[in-house]
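The values are calculated or read from the model by the stated rules, or taken from the named source; none is laboratory data. Note that this is a predicted model, so its numbers are computed, not measured. Glycine also receives a Cβ, built like all others from the backbone with ideal geometry; neighbour counts cover every protein chain displayed. For accessibility, only protein heavy atoms count, side chains too; no ligands or nucleic acids. Shrake-Rupley method; radii C 1.70, N 1.55, O 1.52, S 1.80 Å.
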Amino acid sequence: MAKQKEMQLALQMVSGYGGEFSAWRMTGTDPAAYTNMDSYVERAKLAEKGKFQMIFIADTPALPNDLGAQTPMFPMDPMLALLSVARETEKIGLVATLSTTFNYPYNLARQFKALDVISHGRVGWNAVTTSDPSAASNFGAQPLSRKERYAMAHESIQIVQALWGSWEEDAWTLDTKGGKFADMAKIQPINLKGQYYASSGPLPIPPSEQGQPVIFQAGGGYEGLELAGRYASGVYANPYDIASAREHRQALRESAVRFGRNPDDIKMYAGFMFSIGATEEEGLERRRKLMSFNPEEIPSRVSYLGTMVGLRLSVHTVDIDQPLPDDLLERAYASPQDPRSPRALELLKKGLSIRDVLAHGVINYHPVVAGTAVQVADFLEEWFLAGATDGFSVVPDIAYDGVADFVEQVVPILQERGLFHKEYEGKTLRENMGVPYQYGSAETK
Ligand SMILES: Cc1cc2nc3c(=O)[nH]c(=O)nc-3n(C[C@H](O)[C@H](O)[C@H](O)COP(=O)(O)O)c2cc1C
């Protein structure tokens, strides 16, 4: 019998605390986890115990949030965080985001390849174009148009891949008897020059066990699809429902085909957040508690929830610990401006209090399940079996116990249902993602 196709899992490390910015205040969390690499290593080891295909780090080179009350959104430095993890783990993949707009391709190629060699072939690069103006200003630059950012991204990835392939696979001879460290005839310049970037190469780094790092992509629009279809083996996406996820996955697969690739060689990972409790009420209580740390945010959240359902809502005019009054509910509709609106409306119509609707995470960056491990597994199963995604990029609410809960409670359910592998397929990220070996530029493969 053909092996049942299984989902893949990536664990998002965020800044060490979890996806909720008040998680640092929860009992048990190390409030300084941001700078404590042992905490990253511990979470990564747990994820490896749970056979996660990879850990994933998003990154923007800026400080966009208010550290008065919240934790940073990203690690101090994604590559150094992954290096700490690489030395303490064996199988799990290590994927970091670095911008194609604000890094020279040579630096990108060197850092990722070095980490790939150090980790024995477990590294992926999430190549993003970074539209955030605060990142641009950190480099003395003005925000660029999408067209320009993506033109730079194509050049960047092409140069990076060429640099990765600048050593032939058998160039590193290590011939101690003959005194030949490497065969320089097999280590050649690349001499690429584009409109934005250029590099002569070669890179001073030999091949890794998987040849070279795996390319990931996260970004929007037609340009994003083209970039992914051409180069990426993994895509981090943020759909809110099954229909839009399927559409996005299908578009990615079609884009890969346009570039002469097998559509199964591009895997989509949908972002997903969870709060696990022994009961649904316990899962929700975790989130109420997290929300309670930042009461000053409630008025703006209530007002935003109102715009999602076409109403003017204010903490001064409604009791947020009560369901939405019937007269307002009758007028409510899901705003087409925000794809999260149907879920918000559904929960309001169920008669949940406004506070609990917010606690369910209807304004979060990804879909949220607050409930039991079975409810979390059901959600993942439904999306996966509907063909909405190849896997999930999961974000725990609170990292210190959320990762363990997922690994100990959700993973066994998925495995029992035949939806998730029980052992790593191989040692490298490519093997564990089931994507082909690649060396050098995509075009010359
Ligand atoms: C799911 C997702 C995750 C992203 N993660 C990052 C990130 O970690 N760092 C970053 O600089 N940009 C990130 N981006 C942003 C893109 O690089 C880009 O700036 C954004 O999508 C807006 O521009 P675009 O629609 O032209 O791609 C992400 C985009 C998406 C859709």
| field | Residue-normalised accessible area of the chain, given per residue in Å² at a 1.4 Å probe | value | 43 Å²
| remark: Against the 2.2 N^0.38 Å rule of thumb, the C-alpha Rg of the chain sits at a ratio of 1.02
| query | What is the extension gain from Arg288 to Tyr437, computed as 0.36 nm multiplied by their sequence separation minus the C-alpha to C-alpha distance, in nm to one decimal? | reply | 49.1 nm
| Along each of its three principal axes, how wide is the spread of alpha-carbon positions in the range 286-359, in whole angstrom units, largest first? | 31, 24, 20
| If you take the beta carbon distance between Gln195 and Glu425 as r and set R0 to 56 Å, what does 1/(1 + (r/R0)^6) give as a FRET efficiency, to the nearest 0.05? | 0.90
| request: Give me the distance in nm between label points sitting 7 Å out from Cα along the Cα-to-Cβ direction at Phe181 and Thr307, one decimal. | output: 5.9 nm
| request: Provide the per-residue ³J(HN,Hα) series for the range 50-63, in order, calculated from phi with Karplus coefficients 6.51, -1.76, 1.60 and θ = phi - 60°, each as a whole number of Hz, with x at glycine and proline positions. | output: x, 6, 3, 5, 6, 9, 9, 10, 7, 6, 10, x, 6, 10
| said: Apply the Karplus curve 6.51 cos²θ - 1.76 cosθ + 1.60, θ = phi - 60°, to the phi angles in the range 331-343 and return the couplings in whole Hz, x for Gly and Pro. | reply: 8, 6, 8, 7, 5, x, 6, 10, x, 8, 4, x, 5
| remark: Contact order relative to length for the range 30-83, counting C-alpha pairs under 8 Å separated by 6 or more residues, stands in percent at 34 percent
| query | Tell me, what are the semi-axes, in whole angstrom and largest first, of the equivalent ellipsoid of the range 341-445 as set by the roots of 5 times the Cα gyration tensor eigenvalues? | reply | 33, 18, 13
| field | Histogram of C-alpha separations across the range 4-88, 5 Å bin width, % | value | 3, 14, 24, 25, 17, 10, 4, 2, 0, 0
| note | Once the dipole of the chain is set up from charges on Cβ (+1 Lys and Arg, -1 Asp and Glu), the residue from the list Phe406, Ile118, Phe293 lying farthest towards its positive end is Ile118
| request: Once you have the Cα-Cα distance between Asp77 and Asp326, take 0.36 nm times their residue separation minus that, and quote the gain in nm to one decimal. | output: 84.7 nm
| request: Using only the Cα atoms, work out Rg/Rh for the range 79-197, with Rh taken as the Kirkwood radius, to two decimals. | output: 1.05
| request: Please state, to two decimals, what the Cα-based radius of gyration of the range 208-312 comes to when divided by 2.2 N^0.38 Å (N = residues). | output: 1.50
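In percent, what relative contact order does the chain have, based on Cα pairs under 8 Å that are 6 or more apart in sequence?
On the way: 863 pairs, mean separation 97.2, N = 445.
It comes to 22 percent, rounded to a whole number.
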| note | If unit charges are put on Cβ atoms (+1 for Lys and Arg, -1 for Asp and Glu) and the dipole of the chain is taken about its Cα centre, the option from Ile363, Gln158, Phe52 lying farthest towards the positive end turns out to be Gln158
| message | Given Cβ point charges of +1 (Lys, Arg) and -1 (Asp, Glu) and nothing else, what value in debye, to the nearest 20, does the dipole of the chain about its Cα centre take? | response | 1060 debye
| request: Just order 333-339, 213-219, 247-253 by mean Cβ neighbour count inside 10 Å, highest at the front, would you? | output: 213-219, 247-253, 333-339
| request: Beta carbons within 10 angstrom, averaged per residue: use that to sort the peptides 113-120, 256-263, highest first. | output: 113-120, 256-263
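Compute the FRET efficiency between Asn65 and Tyr104 as 1/(1 + (r/R0)^6), taking r as their Cβ-Cβ distance and R0 = 35 Å, and round to the nearest 0.05.
The value I calculate is 0.80.
Write down the percent of antiparallel bridges among all DSSP beta bridges whose residues are both part of the range 210-369, to the nearest 5. Walk me through the intermediate numbers first.
Numbers: 1 of 9 bridges.
Counting DSSP beta bridges with both partners in the range 210-369, the antiparallel share is about 10 percent.
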| said: For the chain, give me the percentage of DSSP beta bridges that are antiparallel, rounded to the nearest 5 percent. | reply: 15 percent
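Show me the ranking of peptides 271-284, 316-329 by mean Cβ neighbours inside 10 Å, starting with the highest. Walk me through the numbers before you get to the answer.
Details: 271-284: 20.1, 316-329: 13.7.
So the order, starting with the most tightly packed, is 271-284, 316-329.
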| query | So if we plug the beta-carbon distance of Glu254 and Arg146 into 1/(1 + (r/R0)^6) with R0 = 30 Å, what FRET efficiency do we get, rounded to 0.05? | reply | 0.90
| request: Pop out the Kirkwood hydrodynamic radius of the range 73-142 from its pairwise C-alpha distances, inverse of mean 1/r, in Å to one decimal. | output: 13.0 Å
| What number, rounded to the nearest 500 deg cm²/dmol, is the helix-based mean residue ellipticity at 222 nm of the chain, given -39500 (n - 2.57) per DSSP H run of at least four residues and division by all its residues? | -11000 deg cm²/dmol
